[in-house]
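A quick write-up on the structure given underneath.
The values are calculated or read from the model by the stated rules, or taken from the named source; none is laboratory data. Note that the coordinates shown come from a computational prediction; the quantities given were computed from them, not determined experimentally. Every residue, glycine among them, receives a Cβ derived from its backbone with ideal geometry; neighbour counts consider all protein chains shown.
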Amino acid sequence: MKNIQLWTRLDLWEIAKQMMQRGARPPLVRESTRLPIAALRDLWHEIYGVRPPSGLSRDNCLSLLRRKRHVLHANMFMREYHKIAGDDIFRHADDRSIIKAYDTFLSKITAMEMRPCIDFPTCWYIARDLRSRVLTIKYCRQCDVEHMYSPQSEETHLCPYCDILDQTETMRGTYVPISAALS
């Protein structure tokens, strides 16, 4: 039994380290792992060589999704997270799945030669908000692709993929199928 507890504890520390390497501050990591905050601050100092920044944690991710680009990138992350974790995202937020989805999201954004508009903490809040039902998933009637929705945020009411394709089509006078744009 003690070996299992030791491995579980070591696993939590590895997750904490990976989260911090992606920019998650100690209070967020504490909320996720329940590891001691003082030790997490020391881990931050060990990783970055400075004390962690202070500030309040967010109530939800909606305040971070004020621009169409942010909503689009948040949806790209959410789709990767949903692919990896399945419908479990509505029951619990799995840190490993969040990390894997974030890394996949970053690699796709980089491949498109874009700069990400959202960071790891925002992605963690998205995962938490999906679990707590602040955000839900809706399917677009036009393109049949899932996207995040919240009645509290007008930016999430429209499908971000159709919106961006409409803008692209208007600018170029051509139409790109949504399946081609998202693959």
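Within segment 136-162, being modelled with pLDDT under 80 and either aromatic (F, W, Y) or in a helix (DSSP H, G or I) (or both) holds for E154, E155, T156. Examine segment 111-120 for a residue that is at pLDDT below 95, under 10 Å from the mean Cα position of the chain (by Cα), surrounded by fewer than 21 Cβ atoms within 10 Å (Cβ to Cβ) and within 24 Å of P151 (Cα to Cα), and state whether such a residue exists. Yes - at least one qualifying residue is present in segment 111-120. All conditions in (1) closer than 17 Å to R69 by Cβ; (2) touching a residue at least 24 places away in the same chain (Cβ under 8 Å); (3) not in a loop (DSSP other than H, G, I, E, B) hold for I118, with the sole exception of (3). In a residue-by-residue description of segment 163-172, the property of being modelled with pLDDT of 85 or more, of a type in the set (A, V, I, L, M, F, W, C) and not assigned by TED's automatic domain parsing to the domain that holds Q21 applies to no position. All of M19, M78 fail the test of being touching a residue at least 12 places away in the same chain (Cβ under 8 Å) and closer than 26 Å to E154 by Cα, apart from M78.
Test F90 against the criterion of being in contact with a helix residue (DSSP H, G or I) (Cβ under 8 Å, 6 or more places away or on another chain) and buried (at least 17 other Cβ atoms within 10 Å of the Cβ), and give yes or no. Considered against the rule, which asks whether it is in contact with a helix residue (DSSP H, G or I) (Cβ under 8 Å, 6 or more places away or on another chain) and buried (at least 17 other Cβ atoms within 10 Å of the Cβ), F90 comes out as no.
Each residue in segment 75-100 was checked for being in a helix (DSSP H, G or I) and either in contact with a Cys (Cβ under 7 Å, 6 or more places away or on another chain) or acidic (D, E) (or both), and 6 of them qualify. One residue is enough: does segment 53-75 have a residue meeting the conditions under 23 Å from D11 (Cα atoms) and either touching a residue at least 24 places away in the same chain (Cβ under 8 Å) or not polar (S, T, N, Q) (or both)? No, the conditions are met nowhere in segment 53-75.
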